[in-house]
Amino acid sequence: MGKIRGFIEYDRLKELVIAPKSRIKNYKEFTVAPNEKKLREQGARCMDCGVPFCHSGCPLGNMIPDFNDAVYENEWKSALDILHSTNNFPEFTGRLCPAPCEEACVLGIVKPPVSIELIEKYIVERGFSEGWITAKLPKNRTGKKIAVIGSGPAGLAAAQQLNSVGHNVTVYERENKIGGLLRYGIPDFKMEKKVIDRRLEILKKEGIVFKCSIEVGKNITTEYIEKEFDAILISTGASIKRNLLIPGSNLKGIAQAMDFLSHNNKAVDGQHKCDKKYLAKDRNVIVIGGGDTGSDCIGTSNRHGAKSVTNFEIMPKPLDYRTDENPWPYWPFKLKNSSSHEEGSHREWNILTKEFLGDKNGNLTGLKTVEVKWEKIPNKRPKLIENKESEKDWPCELVLLALGFTGPEKTLPEQFDLTFDKRGNIQGLNKYQTNKNKIFVAGDCRRGQSLIVWAISEGREAAHQIDEFLMGSSLLPKKNMSGDLIAY
């Protein structure tokens, strides 16, 4: 590395943000870009590790020390090339990834880890501002036609990879705009949609065809897709929402978190006005579920002008530090305070919702809870024990269920006669290939609900396998089982 003692001389840089009271007045991104000198210093904090564990921490196998050093040396275009060699969309991961690479950083054992995600974000932003990121058309066309069903991060990554080696790629999306979860699941205050649109313009110029408002199996038959295309990739995500089937669950005022977020994103985009049933203004809001989706609901509710926002989590409150159960370099299950939590919310742990309460008109007025604890049982899952004496009523007029997803919708794969695994995901029997040779699967519909960075990784891996299936071999990169990037 260019700065041998950089990790000693410089402290970790945290991205500055606009104050909560100001930023909740709109849906704009609220981060403040650091100056170039500070970013180069962060690149200098990367050590000359004998084994850079950040590589294995990153699902994409990003060559992190290489682009960190290039930033320190002020070679930004080189850093961008290194970053793009493993990651199609660093502008997405630089904003949305929880950065498992940083938790695997060797420096993180004794000091705050390198600000890898921050560096990644501003490498790609520098690339766009300098005009370095342009369409790269394939030298030749193979004549092979590929259908990608679903335009989330897995589908988009696969489409770009396959197009780059000359295949003709058509992406089908049932929504009215491209992007999947990126567009309609992620609030604009985390990623403004112009970030997606500028990348889409490049993908279109590269020759990828996008068809919106077309749901395969409804607007167009699966028989047509199988007949028309040489290979098919299903990347439709995991969109079956988990419900909370308890007394009162049919009351007006209970909504699925993803329906709430999607509806709001379309309102922010000017596609419609926000329906009253999804409006948190002047209402007591309770978000059930403590993950990222729940956090996004908190931030959105605060921007609506909610009277109060409370977050329920059935699990115990995590500690502020790693435990022996998840040592370095594994992902640590420790307390996470998101930007949305900082904007205003009350959090409750070890709490279980038992009943929704309503008035005679069927409107939600509150809910009933009990406190719980988890009893550890050797070689078995912990047992949930309710404290019956802790029963409590909470006033609320809007409940948002952020309980995760159980798997992909079944209609499309069933129409293709595909098989499922034990978890209900579409089964990729061999190298992302389904029980039908020409049909492949990638992303959350194959692996279950996961991270955007994993979706991009899966899309890239599936693209390699599709190219090899069509051509007999592939020059597209793939990762070996250890997580290191290799190319064929």
Taking segment 308-324 and the residues there that are exposed (fewer than 15 other Cβ atoms within 10 Å of the Cβ) and among the aliphatic types (A, V, I, L, M), the one that is farthest from residue 280 (Cα to Cα) would be 319
State whether the residues of segment 315-337 include one that is hydroxyl-bearing (Ser, Thr, Tyr) and modelled with pLDDT of 95 or more. no
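Filter segment 103-160 down to the residues that are part of a loop (DSSP other than H, G, I, E, B) and among the β-branched types (Val, Ile, Thr), then identify the one that is farthest from residue 239 (Cα to Cα). Give the derivation first.
Here is the first cut: in segment 103-160, the residues part of a loop (DSSP other than H, G, I, E, B) are 104-105, 110-115, 131-144, 150-152.
Restricting the remaining residues to those that are among the β-branched types (Val, Ile, Thr) gives 110, 114, 133-134, 142.
Details: 110: 40, 114: 34, 133: 32, 134: 33, 142: 34 Å.
Here the residue is 110.
Does residue 358 qualify as being out of contact with any Phe, Trp or Tyr (no Cβ under 7 Å at 6 or more places or on another chain), modelled with pLDDT of 95 or more and on the phi > 0 side of the Ramachandran plot? Quick ask: steps written out before the conclusion?
Working: out of contact with any Phe, Trp or Tyr (no Cβ under 7 Å at 6 or more places or on another chain): yes; modelled with pLDDT of 95 or more: yes; on the phi > 0 side of the Ramachandran plot: no.
Answer is no for this residue.
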Here the qualifying pairs (Cβ atoms under 6 Å; residues six or more apart or on different chains; first in segment 116-141 and basic (Lys, Arg); second surrounded by fewer than 23 Cβ atoms within 10 Å (Cβ to Cβ) and modelled with pLDDT of 95 or more) come out as 126/76; 141/166
(Q) Would you confirm whether or not segment 305-319 contains a residue that is among the basic types (Lys, Arg), assigned by TED's automatic domain parsing to the domain that holds residue 381 and under 24 Å from residue 151 (Cβ atoms)? (A) no
Counting only residues in segment 335-353 that are in contact with an Asp or Glu (Cβ under 8 Å, 6 or more places away or on another chain) and over 20 Å from residue 321 (Cβ atoms), the one surrounded by the most Cβ atoms within 10 Å (Cβ to Cβ) is identified as 340
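Scan segment 285-300 and give yes if some residue there is crowded, with 21+ Cβ neighbours inside 10 Å, small (Gly, Ala, Ser), modelled with pLDDT of 90 or more and more than 21 Å from residue 449 (Cα to Cα), otherwise no. Full working, then the answer.
Going through segment 285-300, the residues crowded, with 21+ Cβ neighbours inside 10 Å turn out to be 285-290, 293-300.
Retained after the next criterion (residues that are small (Gly, Ala, Ser)): 289-290, 294-295, 299.
Those still in the list that are modelled with pLDDT of 90 or more too: 289-290, 294-295, 299.
Going one step further and asking which of them are more than 21 Å from residue 449 (Cα to Cα), we end up with 299.
Yes: one or more hits.
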Q. Residues in segment 63-74: is at least one of a type in the set (Asp, Glu), surrounded by fewer than 20 Cβ atoms within 10 Å (Cβ to Cβ) and assigned to a loop (DSSP other than H, G, I, E, B)?
A. yes
Here, strands (runs of 3 or more DSSP E) confined to segment 259-353 with at least 2 residues that are out of contact with any Leu (no Cβ under 9 Å at 6 or more places or on another chain) are 308-313, 346-349
Here the qualifying pairs (Cβ atoms under 8 Å; residues six or more apart or on different chains; first in segment 210-224 and assigned to a loop (DSSP other than H, G, I, E, B); second β-branched (Val, Ile, Thr)) come out as 212/178; 214/220; 217/411
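Just wondering, is there one or more residues in segment 176-187 that are more than 30 Å from residue 434 (Cβ to Cβ) and not assigned by TED's automatic domain parsing to the domain that holds residue 89? Quick ask: steps written out before the conclusion?
Taking segment 176-187 as the starting set, the residues that turn out to be more than 30 Å from residue 434 (Cβ to Cβ) are 187.
Restricting the remaining residues to those that are not assigned by TED's automatic domain parsing to the domain that holds residue 89 gives 187.
Within segment 176-187, one or more residues are more than 30 Å from residue 434 (Cβ to Cβ) and not assigned by TED's automatic domain parsing to the domain that holds residue 89.
Among 378, 332, 327, 382, which is under 30 Å from residue 110 (Cα atoms) and surrounded by fewer than 13 Cβ atoms within 10 Å (Cβ to Cβ)? First the steps, then the outcome.
Values: 378 fails: under 30 Å from residue 110 (Cα atoms); 332 fails: surrounded by fewer than 13 Cβ atoms within 10 Å (Cβ to Cβ); 382 fails: under 30 Å from residue 110 (Cα atoms).
Answer to the check: 327.
Counting only residues that are part of a loop (DSSP other than H, G, I, E, B) and in contact with a Cys (Cβ under 8 Å, 6 or more places away or on another chain), which one in segment 225-248 is surrounded by the most Cβ atoms within 10 Å (Cβ to Cβ)?
Per the stated criteria, the residue is 235.
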Taking segment 180-220 and keeping residues modelled with pLDDT under 95 and either surrounded by 19 or more Cβ atoms within 10 Å (Cβ to Cβ) or in contact with a strand residue (DSSP E or B) (Cβ under 7 Å, 6 or more places away or on another chain) (or both) leaves 181
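The values are calculated or read from the model by the stated rules, or taken from the named source; none is laboratory data. Here the structure is a predicted model, which means the values were calculated and not measured. Ideal geometry is used to build each Cβ from the backbone, glycine not excepted, and the neighbour counts take in all protein chains shown.
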